[in-house]
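Heads up, the thing below is written out as structure tokens.
Please treat every number below as a calculation from the coordinates, not as lab data. The structure displayed is predicted, hence computed values, not measured ones. All Cβ positions, even for glycine, are placed from backbone atoms using ideal geometry, and neighbour counts span all protein chains on display.
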Amino acid sequence: MIAYLSVVLLGFVAVLLFKARGIFGVLLSRGKMQAGDYNGALRRLRWASLGIPNAATLHGEGLILTLAGRAAEAEPRFRQALGMLPSDSRYPRERLHSSLGCVLMDLGRHDEAEQCFHNAIELGDVTGISQDGLAELRIARGVEAEQALAYSRQAIEHAERRPDGCVPGAFYMHRAWALALLGRSEEARQSLAEGLRLPERTVFASASLHWRAGMALLAMGQTEEARRHFRIGRDADPRGAFGQRCAEQLERMV
């Protein structure tokens, strides 16, 4: 009887572990991802998925590919993850929509990206990420700087309501960039300082922060200062999307 119960218990544990493989995969891959080893992070996540990815592992793969600058590969992962979620799933599908919006923005498909961010907001995204995405979209187009500024402020307000009250530095950078485009350099400087006040804990966040700081400074005509930030971003995450963007900006400025 004891042997039988042990087998049943092991089977039950195995089922739980299989169902939780997405969570384990994300946890296993996090260290590699934070260090900028995106191929290593993908290998760990795929190993944990046991060859049968679920929504969480597909979402994780998509995020890693996005950070590695492989947006075209990330898009189908997010779409597949959305497609496999049942209507009653408690998985935060708003995060998938906002992740997909970021990828579509990287691919230059701005109208589709905008719809994804609005979908995320309608589904209850209160992180500020979707509003920040809508701000970045307008900055990328080089139009509607006033609206970009309004969205960036909304993003910061949402983030301030989080339990930890932590606002991602990128939110401040987008506000600074929008202010710079509006010719409000002094306010832009203040927002840059706020964004750079706290050190980022991951290489991709650091590279992202310095790329955006550099772009805001270019909008203010501060070329040398922008170049310094691009160098920092390039060196922080040379294999990542934003490290590569920093390197490309430096090449254009030669």
- Which of the following values of semi-axes √(5λ) of the Cα gyration tensor in Å was calculated from the structure shown: (1) 37, 20, 16; (2) 26, 21, 19; (3) 37, 21, 19? (1)
- Message: Restricting to Cα atoms and excluding each atom paired with itself, what does the Kirkwood estimate give for region 199-254 in Å?
- Response: 10.5 Å
- What residues from region 91-110 fall in the zone where the backbone N is under 11 Å from a label point 7 Å along the Cα-to-C-beta line of residue 141? 110
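Multiplying the sequence separation of residue 162 and residue 30 by 0.36 nm and subtracting their Cα-Cα distance, what value in nm do you get?
On the way: separation 132, 0.36 × 132 = 47.52 nm, distance 2.19 nm.
Result for the pair: 45.3 nm of gain on full extension.
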- Inter-probe distance in nm under a simple model that places probes 7 Å from Cα toward Cβ, at residue 109 and residue 235: 3.8 nm
- Note on the structure: Ranked from fewest to most other Cβ atoms within 10 Å of their own Cβ, 175, 227, 138 fall in the order 227, 138, 175
- In debye, nearest 20: dipole of region 199-254 around its Cα centre with unit charges on the Cβ of K, R (+) and D, E (-)? 60 debye
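Please compute the length gained on full extension between residue 72 and residue 46, using 0.36 nm multiplied by the number of residues separating them and subtracting their Cα-Cα distance.
7.5 nm
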- Which of the peptides 238-250, 183-195 is most tightly packed, and how do the rest follow, judged by the mean count of other Cβ atoms within 10 Å per residue? 238-250, 183-195
- Message: Using Cα springs under 10 Å in a Gaussian network model of the chain, which residue among 209, 182, 63 shows the largest mean-square fluctuation?
- Response: 182
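Quick check on the chain: helices-only [θ] at 222 nm, where DSSP H runs of length 4 and up contribute -39,500 (n - 2.57) each and the sum goes over total residues. Nearest 500, please.
-24500 deg cm²/dmol
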